[in-house]
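J.: Here it is: the structure, laid out below.
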Amino acid sequence: MNIQNKVVYQIYPKSFYDTNGDGLGDLPGITAKLDYLKELGVDLLWLTPFFVSPQNDNGYDVADYCAVDPRFGTMEDVDTLIRTAKTRGIGLMFDMVFNHTSTEHAWFKRALAGDPDYMDYYIWRDGTPDAPPTNWESKFGGNAWEYVPALGKYYLHLFDVTQADLNWENPRVREELKNVIRFWKAKGVEGFRFDVVNLISKPEVFEDDHEGDGRRFYTDGRHVHEFLKELTRDTGIDTMMTVGEMSSTSLENCIRYSNPAEKELSMVFSFHHLKIDYKGGVKWALQKPDIMALKKLFAVWQEGMAAGGGWNAVFWCNHDQPRVVSRFGDDERYPKESAKMLGACIHLMRGTPYIYQGEELGMTNAQYTDIAQYKDVESLNYYKILLNEGKSKEEALHILSVRSRDNSRTPMQWSAAANAGFTSGTPWLTPPANFNTINTEAEFVDADSVFRFYQKLIRLRKEQPIIQKGDIFFLERENASVVAYERAYAGRKLRVYCNFRAANVPLMEDSLAALTDEGWSKLIGNYDGLAVDLRPYEVVALEK
Ligand code: TEU
Ligand code: CA
C-alpha cells in the first residue's frame, strides 16, 4: 500500500457515536458516521480495541482477541462496518494489544490454575509476598509485579495489574498471536496498529534498575526486531498498513522498525515530542511547553528518519494524550488559529498524518473539576499517588485537568444538542460545555472552520507529491518561537512556518515579504494575506 498519500483517522469507539442510548459509543455508530469521514477525506480508520474485555483499561485489557465486546456490538456489526467503509474507499485498521492480555483471558486463567503450558504464556518469577523480583515500576504506578499466593510466584505487568505481560520467548505465544492477525486479515481489514510493540522482548535475566523504572531493560529489547520480522512474514502483512506504538524508543530502532527493507512495520509512533511539557521528563510534573526542545526533536526525527529510510506516523493527539489545542495552542484566545497551525505543522511534514477524532474540530481538554468525573485507571491511580506525595486536592485536580487521558476521551462533539449529539442517554464521560460552538454541525456551515482547514490539508496531501515524498530540512533553528521547515521534490520547494506564540514573531532568516519578492507564493495559511511578521499562532506554507 502507498502509505505516503494516506491520512489515518483514529476512532475511540466508546466516545464516537452511540446508537442505542446506553451512553457508550458503538460499532454501528461508526458505520452511521462514514459519510462524515468521507467528507473529511480520510483513507483509513484506526479503531482502538473493541474486543471482549473487562474494560479496566478501556479495552487495552483484552480477554478475547477474536470476539467483539457486546458493549460495542456484534461480529456482524464489524462485517457491516468493513463492507460499508469499503464502498466509500475507506479501510479499517484494528488495534493489536500483544504485549499483554487481560487477566480475564482464558490463557491467564489456565495459568492461574497452575497449567504449566499456559503459565509459560506469561512471565513468572519466584518470590515471597514482601519481595517482588525487581523494583520495576508499572507505567500506571506501583510495582510491576503481582504476587499470586497459590502459585508462590509473581507475574509481570508493565501496565495495570489486570494486564499480564505475554512471554514472547514462547513460540506458542507467537503462533497464537499470528492467528489473531490472520483472523482479522481474513475479515478484510487493511491495516493494524500494534500497541506498545517495542516492549514485547524482555531480558534474559531480570534485575533491579538503580537508575530508573526498569524500562531500559525491556524497551526495544533484544529480540524485538526478530519477533516483528517473524510476525510480519508469517502473516503476510508486509503489504498492508502497519504502525507500531513505540514507547521511549530511539531513532536508530525506529529506522529499523520502519525501513521497508527490514519488512517489520510500515511506520512508527514515537512520543518524545509529547514530553516537552513534562518537567524533568515526569508526566505528572507540569511545565510550559519547551518549543526549542520541540523543534530539535522534530529536526532529529524528521531528518534522521529520512536519512535512514524510515517512516514516521506524524501526530499530536491520541486517546492517551491531552488535546493539542489546549496543550500547545491557546484554546481561549486563539482556539481556531492555534488548532489550524498545529494541524498544518504536522500534515505538511514527512510522514503519514494521524487525526484523532475531534482534533479536526479543535476539540479541547475535558475541563473537569471533580475527581468523580474521571474514569481512566491511570488518572485515578495517580490522583492517589499525588495526594500521598503531599499535594493538595486542588493541586492534584489541576494536574489531572492538564494531563489526564480522559481529556481526549470525552464524547465526539456532533452538534449543540444535549450531550453534544453523542447519545440520547447518559454519556459515560461528560463533554466540556464548549460543544455548543465546537461541533460538526457548526463547523460544516463555517467556511473558515478548523474542520474545513483539515479537509484542505488532507486534499493538499493527495494533490501534492512534494508533501508525500519531499525531502525535509529544518529552518529558523535558533528561533525559539517558530517551527519551520522546507520540503523539496522534483525541483519544487515548499516552506512551512509555524508560530507557536500568542504574539507577533519576526522570522530570523528572512521576512515573509522578502520571500514573496523571491517568488514564493502562498499555498495555505490560517490568516488572510501575508504580513511582514508571523501573527499569533500563524501558519503559512509558501511554494516555489
Ligand atoms: O499506551 C502505551 C503507553 O505507554 C502510554 O501512552 C500510556 O498511556 C502513557 O505512557 C501513560 O502515561 C498504550 C495504549 O495506547 C494505552 O491506551 C494503553 O493503556 C496502554 O498501551 C496499555 O495497553
Ligand atoms: Ca451504545
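The values are calculated or read from the model by the stated rules, or taken from the named source; none is laboratory data. Bear in mind the structure is a predicted one, so any value in this text is a computation, not a measurement. Cβ placement follows ideal geometry from the backbone for every residue including glycine, while neighbour counts extend to all protein chains displayed. Heavy atoms of the whole protein, side chains included, go into the accessibility calculation; ligands, DNA and RNA do not. Shrake-Rupley method; radii C 1.70, N 1.55, O 1.52, S 1.80 Å.
J.: Working out 0.36 nm times the residue gap between Asn20 and Ser511, then minus their Cα-Cα distance, what length gain in nm do you get to one decimal? Mind dumping the intermediate values first?
T.: On the way: separation 491, 0.36 × 491 = 176.76 nm, distance 5.53 nm.
171.2 nm is the gain from fully extending Asn20 to Ser511.
J.: Once Lys and Arg get +1 and Asp and Glu get -1 on their Cβ, which of Thr219, Trp316, Thr239 lies farthest toward the positive end of the dipole of the range 217-355?
T.: Projecting each Cα onto the dipole axis, the largest value belongs to Trp316.
J.: In the range 1-44, which residues have a backbone nitrogen under 13 Å from the label point lying 7 Å from Lys187's Cα in the Cα-to-Cβ direction?
T.: 27-28
J.: Which value, in Å², gives the accessible area per residue of the chain when a 1.4 Å probe is used on the protein heavy atoms?
T.: Here the per-residue accessible area is 36 Å².
J.: Would you mind calculating the relative contact order of the chain from Cα pairs under 8 angstrom and at least 6 residues apart, reporting the percent as a whole number?
T.: On the way: 1147 pairs, mean separation 72.5, N = 544.
Relative contact order here is 13 percent.
J.: Using R₀ = 35 Å, calculate the FRET efficiency as 1/(1 + (r/R₀)^6) where r is the Cβ-Cβ separation of Thr430 and Arg333; round to 0.05. Don't jump to the answer; show the numbers that get you there.
T.: Numbers: r = 24 Å, r/R0 = 0.70.
The pair Thr430/Arg333 has a calculated efficiency of 0.90.
J.: A further question follows. So how tilted is helix 335-347 from the main axis of the chain? Cα-based, degrees 0 to 90, rounded to 10.
T.: Compared with the principal axis, the helix lies near 70 degrees.
J.: Same structure, new question: Please work out how much length the chain gains when fully extended from Asp209 to Arg459, using 0.36 nm per residue of separation minus the C-alpha to C-alpha distance, in nm with one decimal.
T.: Working: separation 250, 0.36 × 250 = 90.00 nm, distance 4.84 nm.
Result for the pair: 85.2 nm of gain on full extension.
J.: For labels at Asn135 and Glu389 in the simple 7 Å Cα→Cβ model, what's the distance in nm?
T.: Simple spin-label model gives 1.7 nm for this pair.
J.: On a 0 to 90 degree scale, rounded to 10, what angle separates helix 377-388 from the longest Cα axis of the chain?
T.: With both axes taken from Cα atoms, the answer is about 90 degrees.
J.: Going by a 4.7 Å Cβ-Cβ cut-off, which cysteines of the chain have no partner at all?
T.: Lone cysteines by the Cβ rule: Cys66, Cys254, Cys317.
J.: Name all residues of the range 442-477 having a backbone nitrogen under 16 Å from the label point set 7 Å from the Cα of Ala416 along its Cα→Cβ direction, giving them as ranges.
T.: 442-447, 449
J.: Another question about this same structure. Just the Cα atoms of the range 295-334: what Rg and Dmax do they give in Å?
T.: Rg and Dmax of the range 295-334, Cα atoms, are 13.6, 40 Å.
J.: Grab the alpha carbons of the range 48-122, take their convex hull, and tell me the volume per residue in Å³.
T.: Working: hull volume 7.1 nm³, N = 75.
Spread over its residues, the Cα hull of the range 48-122 gives 94 Å³ apiece.
J.: Note the angle between two axes, namely the Cα long axis of helix 393-403 and the longest principal axis of the Cα atoms of the chain, as a number of degrees from 0 to 90, rounded to the nearest 10.
T.: Its long axis makes an angle of about 70 degrees.
J.: Roughly what % antiparallel, to the nearest 5, for the DSSP beta bridges in the chain? Display every interim value, and only then the final one.
T.: Values: 39 of 64 bridges.
If we restrict to bridges inside the chain, about 60 percent are antiparallel.
J.: Given 0.36 nm per residue, what is the gain on full extension from Tyr278 to Lys86 after removing their alpha carbon distance, in nm? Display every interim value, and only then the final one.
T.: Working: separation 192, 0.36 × 192 = 69.12 nm, distance 4.07 nm.
Using 0.36 nm per residue and subtracting the Cα-Cα distance, I get 65.0 nm.
J.: Within the chain, what whole-number % of the accessible surface is contributed by carbon and sulfur, with the 1.4 Å probe and all protein chains included in the calculation?
T.: On the way: 9970 of 19820 Å².
Whole-percent figure for carbon plus sulfur exposure: 50.
J.: Which whole-Hz couplings ³J(HN,Hα) result when phi for each residue of the range 274-285 is put into the Karplus expression 6.51 cos²θ - 1.76 cosθ + 1.60, θ = phi - 60°, listed in order with x for Gly and Pro?
T.: 9, 10, 6, 10, 8, 6, x, x, 9, 4, 8, 10
J.: What is the distance in Å between the Cα centres of the range 188-257 and the range 358-427?
T.: Using only Cα atoms to place each centre, the spacing works out to 30 Å.
J.: If one computes P(r) from the Cα atoms of the range 377-466, what percent of pairs lie at distances over 16 Å?
T.: Values: 2685 of 4005 pairs.
That fraction is 67 percent.
J.: What are the extents of the Cα atoms of the chain along their three principal axes, in Å, largest first?
T.: Extents along the principal axes, in whole Å: 76, 53, 50.
J.: Please list, by residue number, everything in the range 270-285 whose backbone N is under 19 Å from a paramagnetic label point 7 Å out along Cα→Cβ of Arg216.
T.: Residues 272, 280-283 qualify, since their backbone N sits under 19 Å from the label point.
J.: How far apart, in nanometres, would the label points at Glu486 and Lys469 be if each is projected 7 angstrom from Cα along the Cα-to-Cβ direction?
T.: 2.1
J.: As a test of understanding, state the convex hull volume per residue of the range 280-371 from its alpha carbons, in Å³. Can you show the working numbers first?
T.: Numbers: hull volume 11.4 nm³, N = 92.
Hull volume normalised by residue count: 124 Å³.
J.: While we're here: Using a 1.4 angstrom probe on the protein heavy atoms only, line up Arg83, Arg535, Arg182 by accessible area, largest first. Spell out each step's value before the answer.
T.: Values: Arg83 145, Arg535 50, Arg182 90 Å².
The residues order as Arg83, Arg182, Arg535, largest area first.
J.: Moving to a separate point now. Roughly how large, in nm² to one decimal, is the mean projection of the convex hull of the alpha-carbon atoms in the range 1-160? Don't skip to the end; give the middle numbers.
T.: Details: hull surface 47.5 nm².
The number I arrive at for the range 1-160 is 11.9 nm².
J.: Ok, one more. Once R0 is set to 56 Å, what does the formula 1/(1 + (r/R0)^6) return for the Cβ-Cβ distance between Ala261 and Ala372, expressed as a FRET efficiency to the nearest 0.05? Don't skip to the end; give the middle numbers.
T.: Values: r = 52 Å, r/R0 = 0.93.
For R0 = 56 Å, the calculated efficiency reads 0.60.
J.: Once the convex hull of the alpha carbons of the range 1-73 is built, what does its volume come to per residue, in cubic angstrom? Walk me through the intermediate numbers first.
T.: Values: hull volume 7.4 nm³, N = 73.
Normalising the Cα hull of the range 1-73 by residue number yields 101 Å³.
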